[in-house]
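One structure is given below, encoded as C-alpha cells.
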Amino acid sequence: MADHSEHVVRASLYWLVWAILIVATFLTAWVATVDLGAFNTVVALFIATCKASIVVLIFMGVKYTHEKMTRPILVGAVFWLLILLILSLADYSSRYAG
Amino acid sequence: MATAAVTTERKNYLNAEYGIRSWLLTTDHKRIALLYLLSITLFFFIGGFFALLIRLELLTPAGDLLTADMYNKAFTMHGQIMVFFFLIPSIPAVLGNFLIPMMIGAKDLAFPRINLLSWYIYVAAGVLYIYCLATGGVDTGWTFYTPYSSMFSNTHVVEAGLAIFIVGFSSILTGLNFVVTVHRMRAPGLTWSRLPLFVWSHYATSIIMLLGTPVIAITLVLVVLERTLNLGIFDPARGGDPVLFQHLFWFYSHPAVYIMILPSMAVMSEIIPCFSRKRVFGYTFVAMSSIAIAAIGFIVWAHHMFVAGISLYSALVFSCLSFLVAVPSAIKVFNWTATMYKGSVSFSTPMLYAMGFIGLFTIGGLTGLFLATLGVDVHVHDTYFVIAHFHYVMVGGAVMGYLGGMHFWWPKISGRMYPEGWGRLAAVVVFIGFNLTFFPQFIVGYLGMPRRYWQYPPEYQVYNVLSTAGASILAVGYLLPMVYLLWSLRYGKIAPDNPWQATGLEWRTASPPPTFNFDETPEVTWEAYEYDKMPLPEEVTLER
Amino acid sequence: MFDNLPLWPTAASSHARYEDWLFIFLTVVSVVMTVLIFAVIAVFAMKYRRRHGREATQIEGSLLLEIGWSIAPLGIMMLMFAGGAVLYFIMRSPPRDSAQVYVVAKQWMWKLQHMEGPREINQLHVPVDRDVELIMTSQDVIHSFYVPAFRVKQDVLPGRYTTLWFRATKPGTYHLFCAQFCGTMHSGMIGEVTVMESKDYQAWMTSAAPSGSLAQTGMTLFQQLGCNTCHLNDVQGRGPVLKGVYGNPVQLGDGRTVTADENYIRESILVPAAKVVSGFRPIMPSWQGQVNEEQLNELIAYIKSLNPPPTGEAVTAGAPGGTTPPPSAK
Amino acid sequence: MSDRAGIGETPLAVEHEERPELRHHFADVEQQRNAATLGMWWFLGTEIMFFGGMFCAYLVYRRWYFPEFAASSRSLDLIVGTLNTAVLICSSLTVAMSVRAAQLGRRTLQVKLLLATIFFGLVFLGVKAYEWNNKYKEHHIPTFSFSANDLIKENQKLFGLDQLQNDPAKLQERKAEIQRRSQIFFSLYFALTGMHAIHMVIGVGLFGVITWMAYKGRFTPEYHTPLEIAGLYWHFVDIVWIYLFPLLYLIDRRPGA
C-alpha cells in the first residue's frame, strides 16, 4: 500500500490564516461598538463561526485529511449541540405564549 | 456427556500471569472486563440492599421500619447506585469490553491503557460514593432536582454529585474506546454489513455515552458549585430557573435509558439467532434501529417534564417526538420474534432469558406509550406506574439481558459450563419474581400512589405486599446464578471452544481465549449469523 | 365490592372520564400487543423447538413486513398522541369563569385560600359541577399538586405561578398528594379535597368565611398599602388604571406586549421596574419582602375582581368523553 | 456508511513492523495513528457537549436578563480580552507550524515552536489571572462579597434608575434585582472561563510533555501522532475561546445603548 504521507501545508498559508484570524478578532471587537441593532450579535457570531471554520479546516487539517469520519463527527456533535440548545430554548420562548 | 477432551492446559488470559499486580496493571480488555464484573456486582448488591429496605418499609402503610430520612436516602441511593454504578456500566463494561475486540477479530481495544484508566475512574467514583454513603448518604432522589438538591437538602449532595460526575468519565472513555475500536480495528473482510448486531448496538450506545454524558457532568458540577459557592444558576431565589436543571438533567438521563437497554438488545441479537439456529430476521433493520434509537432518544427528553411547568407547545412537540422512538424499539421486538419463525429453537438458559426479555421489554415499552400520551401522563407521572414502567425496561429488560448474556458467554469467559438445570430454574424464578414485584405497581400507580412515599394510605397496601413478596422471590432469582456460577468456576464441566456452535468470531478462539484473543488474525469471508453453515451443538445444550 | 383490593381509582372530575377512556384505549392496545407477542413467542418456541432431523429454514428478512410493522404502530401511536394532546390542551386551558383558589405549598403543607375568603390547610372544599382553577406557587422547593380522583397533577414551583383546573363531578372526599419529592416529610404532605353539593358548599362557605372574600381583603390591603394613591380609577393617576387589566394584553414601554396574568401582576408588585406599562414612568416602589405570598394572592384577587364579569363565551370544559358512561361503573 | 473503511487501506496481514512506537495490538503504525486521531475527534465531540450545557444556561439567562448581562459584559476589559484572543490565535499558529516542522523533520524548529506555544498559553493564562484579579477587586466574583454597585452607577440609564431617584424604596429593590441578575452573569462567566482555563492548563501540561518528547527526537516525519492529537486539542480549546469572546465580552458594546 502507498504510504499515506500527510499533506504538508505551505507555511505561507498558515501565516495567511493567522493574519485573517487576527484581523477578524479586531474586527469583531470593533464591529461590536457600531450600532447595528439586533444584528450586532448575529455579526459577532458569524465572524466567530468563520474563524472557527478556518481553524478547523486549515489548522486542524480537516480540509486535507484522509480520515472519512472527521466530518461526520464534527457535524454530528454540532447537530447534537443544536438539539440541546434549540429544543430547550423552544420551551423558554413559548412558555408564556399560551 | 462432556466430550471435550481434557487436554494439557492451554495458555489463556486467565493463567497467562498470576498475582495482584498482573490484574491491577493489566491492559488486557478481558481482564479489565472481569475487574468491572467484580466491581459492578458489588454495587448491584449494595443497590439491591437498599431495594430490600424500601420493599420492607412499604410492607405496611405506616412508616415504621425506617425513619422518613432513612427511607428517602434508601431510595435515592438505590436509584443512583443502580443507574450510575450498575446499569450504565453493566453490559458495556463487562460483556462489551470482553467481547467487542474478539467479535471484530482484534487483539484488544484501540486504547488498552485508557480502558484500564476508565476502570480506575469507576473505582475512584465508587469509593467516593461509598464514602458519601458511609458518612450519611444523600436524599435528593436520583434526579437531584433543584432547588431541593442545591439549597434545601442537608445531606451529602456534593459528594454524590462529584462521584457521578467522575463516573461519567469512565463511561465516556469506554464509549470512546468502543467507537474507535469498531472503526479502526476490524479484521480484514469484516465489513460494516458483516458486523455482529452486538457490535452495532454497542456502537449506538457509545454515541450516547459520548454525546450525552458530558451534559450531565457539567450540570452536576453546576449543582455542586451552587451548593458550595452559591452560584444560583438553578435557584429561583437568586434569579435562576429550576426547570433549566431538569432540561439539562434529562437531556442526558433520558438517553441514558438507552445506554442501559441498547446493550441488552445487543445480547438478544446474539442469543436469539444462536438458539434458533437462524440468521437474524432483517439484519439491516435491527442494526439501523439501534442507531435510530440512539439518535431519536436525544429529542424526547422533556416527556419527563409534562407537569413540571414547561410550555404547552413544547409539551405537545415532545409528546409527538416521544412516540417516534417506539418505532425502532418495536422493529427490534418484531424482528427477534420473526427470527424464531421456522427455526430450531432450544430452551437453553440464555434463550429463556431472551424470551423473558422480549416479553418484559414489550410490556415496558408499551407502558412507555402511556407516559408519552400527554393527558394520561398527567395522572400517572411520579406515581408507581412510572416506577413499574422503568423497572420493566431496566430490570425486565437490561438485567434480563445482562444475565442472559452472562450465561451465554460464561463458557467463553470462564472456560467452564454452568449447570444448565439450575440456570433454567433461576431464569424462571427471576421471571416470576420480577412480574410479581412490578406488575402490581402498575395498578397501585394508576390508583394514584405517588412514588417516593415513605408512608401511604392503607388502601394501597395489598399491592405493596404483593410487590414485597415478589421482591423476595426476585432476590432468590438473583442469588442463584451468583452461587452456581461461582460453583462452576471450580466444578463446572470444561467448556469447549464453541459450546453453542455460534457463529461469532469470539467462538472461533479458545475458551478461555488467549491473551491476544487469536493466535492468528482471522480473515472474515462470511456474513454474520450464517447458522445454516454451522453444525448443531453437542449434547451440552440438549441434555436434560 | 373489594374493600381491600381497589382496582380502579374513583373518577370524580370531568377530566377523569376522558382520561380513563384514553387509558382504557391504551390498555387494550397494549394488552392485545403483549398477548400477541407472548403467544407468537410461545407458538414459535413450541412448534419450532429443536428436534432431530429438522433444520431451521433460513429467511433473510422482508422489506414489506418491516415497513408494515413500522408504519402500523406509528399510526396507532399518533391516535394516542392526538387523544392525549387534546386532553392535555383542555387541562391547560382553564375556563374563564372558574372559581379561583390560591395555593401556596411549603415544606410540608398545602395552604389554600378561596377567593371568597376562607383559608384552609391541607383541606380543599369545592362545589360539585363547578370549574375550579388553582393558582399555585411554592415558598421553598418544587412540590406537585395531585388529586388522583380528578386525574390532575401540576408541579408547584417557587418564584412563579402554575395553574391547574378541574370540575368535580361527584361529591365525596378524595386524596390530595404531593407528587414531587420535596424532602423529609414528602409523604406527609397529603390532604383531602372535599367535593360538596352546591347548597352544602354555600353553607360551608358562610360558616368558614368570617373575614370576607379574598378580593375584599385584598381591597383593604390595597388601601392600607396606599396603592390607591397612584392606581386611580381614571387616567389621571401616576400608575395605570387597573380596572379590566387582568387577562388582557398590556403594551409595555419597550414596545413589547404582555398578557396581564397572575405572573405579570405578581412581578409588577414585587419588581415593578421589570415590565413598565407604556406611557408610565417606573416610579412604583417594590413590595418585595413587604407583602407575603398570601397577601400577594389577596392583592391579585382584588385586581382580578375589578374586571367586569365575563359575558358568556367562556371556554367550555366539556370533555369529549362526557357522553359516555364513566368507567367507574366497572 | 463507508464499507471497509480502514481495512482495504490497511491490510492487517502485513507482517508486524518493528517500530518502537508501535503498540502490540495494532497491525501497523498507520492503523495506530488513525485510531488515535479518530479517538481525539470523538473526544472533541464530547467536549462540545460539555461546554454545551453551560452555553444552554447562558442563552436562557441572556434572554431573560439582557440589560444586566449587557452591563456586566461591558465591565469586562475589551482591549485586554481582544489582545488575549490574539495571543491564543498566535499559539494556534505555532502549534500548526510545529506539526508542519515535524512533518518536515525539522526538530529544532519544532521544539522552538512548541516552546512558543507554551509561552503563549501561559501568557493567556496570566492575562486571565490578571482579569480575574480585577474582577476580584471590583467585587464581581459571586459570593466573594459580590457587589454590582459599580455596574449600577455606570448604567443608570440602561437600568432605568435615573427615573427612580425620588423613590428610595423602589430604587433599593431594583438595585437588589440587578445585583442578583448580574451575579448570574458572573456565575456563568466564571464557570465558562474557568472551565476554559482548566482546559488551557491541561493543554499547557500536555505540551510540556510533547515538547520534551520533541526535544528527545521522538517525532519523525512518519510518526508524530502525539503531537498531532495534542494539536487538535489545542485548536479546539482555541475555538471555544473564539466563541466565548463575543458571547461574554461583546454582549452589547454599542455606544448609545
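Listed values, structure above:
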read-out	value
Identity of the residue in the stretch C:93-106, surrounded by fewer than 20 Cβ atoms within 10 Å (Cβ to Cβ) and without any contact (Cβ under 8 Å) to a residue 60 or more places away in the chain, that ends up farthest from the other protein chains (Cβ to nearest Cβ)	C:ALA99
Out of C:GLY255, C:GLY322, C:GLY289, C:GLY312, sole residue that is out of contact with any strand residue (DSSP E or B) (no Cβ under 8 Å at 6 or more places or on another chain), modelled with pLDDT under 75, more than 14 Å from chain D (Cβ to nearest Cβ) and assigned to a loop (DSSP other than H, G, I, E, B)	C:GLY312
Residue match in the stretch B:415-422 (condition: buried (at least 20 other Cβ atoms within 10 Å of the Cβ), in contact (Cβ under 8 Å) with a residue 24 or more places away in the chain and part of a helix (DSSP H, G or I))	no
Of residues in the stretch C:230-289 being in contact (Cβ under 8 Å) with a residue 60 or more places away in the chain and over 25 Å from the mean Cα position of the chain (by Cα), the one surrounded by the fewest Cβ atoms within 10 Å (Cβ to Cβ)	C:LYS243
Within the stretch A:16-43, tally of residues that are more than 18 Å from D:LEU78 (Cα to Cα), part of a helix (DSSP H, G or I) and at the interface with chain D (Cβ under 9 Å from one of its Cβ atoms)	2
Qualifying residue in the stretch B:171-180 (condition: of a type in the set (S, T, N, Q), crowded, with 24+ Cβ neighbours inside 10 Å and not in a helix (DSSP H, G or I))	no
Sole exception among (1) in contact with a His (Cβ under 9 Å, 6 or more places away or on another chain); (2) surrounded by fewer than 21 Cβ atoms within 10 Å (Cβ to Cβ); (3) of a type in the set (A, V, I, L, M, F, W, C); (4) at the interface with another protein chain (Cβ under 7 Å from one of its Cβ atoms) for D:VAL60, by number	(2)
Which numbered condition B:ASN335 misses (of (1) in a helix (DSSP H, G or I); (2) within 7 Å of chain C (Cβ to nearest Cβ); (3) of a type outside the set (Gly, Ala, Ser))	(2)
Failed item in (1) more than 14 Å from chain C (Cβ to nearest Cβ); (2) within 21 Å of the chain's Cα centre (by Cα), with B:VAL180 passing the rest	(2)
The listed residue being buried (at least 18 other Cβ atoms within 10 Å of the Cβ), in a loop (DSSP other than H, G, I, E, B) and within 22 Å of the chain's Cα centre (by Cα), out of D:ILE251, D:ILE239, D:ILE210, D:ILE184	D:ILE251
Residue in the stretch B:436-453 that is hydroxyl-bearing (Ser, Thr, Tyr), farther than 29 Å from B:LEU35 by Cβ, part of a loop (DSSP other than H, G, I, E, B) and within 14 Å of another protein chain (Cβ to nearest Cβ) present	yes
Breaking point among (1) farther than 30 Å from B:ASN97 by Cβ; (2) hydroxyl-bearing (Ser, Thr, Tyr); (3) within 14 Å of chain C (Cβ to nearest Cβ); (4) touching a residue at least 60 places away in the same chain (Cβ under 8 Å), for B:THR228	(3)
Members of the stretch C:157-172 that are assigned to a strand (DSSP E or B) and in contact with a helix residue (DSSP H, G or I) (Cβ under 9 Å, 6 or more places away or on another chain)	C:PRO158, C:THR163, C:LEU164, C:TRP165, C:PHE166, C:ARG167, C:ALA168, C:GLY172
Residues of the stretch A:44-84 that turn out to be facing chain D (nearest Cβ under 8 Å), part of a loop (DSSP other than H, G, I, E, B) and within 17 Å of D:GLU47 (Cβ to Cβ), as a count	2
Test: B:SER150 is closer than 25 Å to C:ASP140 by Cβ and not acidic (Asp, Glu)	yes
Filter result for B:ALA204 (more than 25 Å from C:ARG160 (Cα to Cα) and not in a helix (DSSP H, G or I))	no
B:GLY189 within 18 Å of the chain's Cα centre (by Cα) and either away from chain C (no Cβ under 14 Å) or assigned to a helix (DSSP H, G or I) (or both)	no
Counted residues, the stretch B:227-240 - those being more than 13 Å from B:LEU162 (Cα to Cα) and not in a loop (DSSP other than H, G, I, E, B)	4
Failed criterion for C:ASP129 (all others in (1) part of a strand (DSSP E or B); (2) modelled with pLDDT of 90 or more hold)	(1)
Test: residue in the stretch C:173-196 that is under 17 Å from C:ALA99 (Cα atoms), part of a loop (DSSP other than H, G, I, E, B) and touching a residue at least 24 places away in the same chain (Cβ under 8 Å)	no
Conditions (1) out of contact with any Phe, Trp or Tyr (no Cβ under 8 Å at 6 or more places or on another chain); (2) over 19 Å from B:THR503 (Cα atoms): number failed by B:GLY282	(2)
Positions within the stretch B:131-160 being part of a helix (DSSP H, G or I) and touching a residue at least 12 places away in the same chain (Cβ under 8 Å), in sequence order	B:TYR131, B:CYS132, B:LEU133, B:SER149, B:SER150, B:MET151, B:VAL157, B:VAL158, B:GLU159, B:ALA160
Positions within the stretch D:108-125 being in contact (Cβ under 8 Å) with a residue 60 or more places away in the chain and within 17 Å of A:TRP18 (Cβ to Cβ), in sequence order	D:LEU114, D:THR117, D:GLY121, D:PHE124
Test for B:TRP500: is it part of a helix (DSSP H, G or I), crowded, with 19+ Cβ neighbours inside 10 Å and touching a residue at least 12 places away in the same chain (Cβ under 8 Å)	no
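Every residue, every condition in (1) at pLDDT 95 or above; (2) in a loop (DSSP other than H, G, I, E, B); (3) under 14 Å from B:ARG452 (Cα atoms), yes or no:
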{"residue": "B:TYR18", "(1), (2), (3)": "no, yes, no"}
{"residue": "B:SER39", "(1), (2), (3)": "yes, no, no"}
{"residue": "B:PHE50", "(1), (2), (3)": "yes, no, yes"}
{"residue": "B:THR60", "(1), (2), (3)": "no, yes, no"}
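Results for (1) more than 7 Å from chain B (Cβ to nearest Cβ); (2) under 23 Å from B:SER276 (Cβ atoms); (3) not in a helix (DSSP H, G or I), shown as yes or no for each residue.
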{"residue": "C:VAL43", "(1), (2), (3)": "yes, yes, no"}
{"residue": "C:MET46", "(1), (2), (3)": "yes, yes, no"}
{"residue": "C:ARG51", "(1), (2), (3)": "yes, yes, yes"}
{"residue": "C:ALA56", "(1), (2), (3)": "no, yes, yes"}
{"residue": "C:GLY61", "(1), (2), (3)": "no, yes, yes"}
{"residue": "C:GLU66", "(1), (2), (3)": "no, yes, no"}
{"residue": "C:ILE76", "(1), (2), (3)": "yes, no, no"}
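The values are calculated or read from the model by the stated rules, or taken from the named source; none is laboratory data. No experiment lies behind these values; they were computed from the predicted model shown. Here the Cβ is made from the backbone with ideal geometry for all residues, glycine too, and neighbour counts use every protein chain on show.
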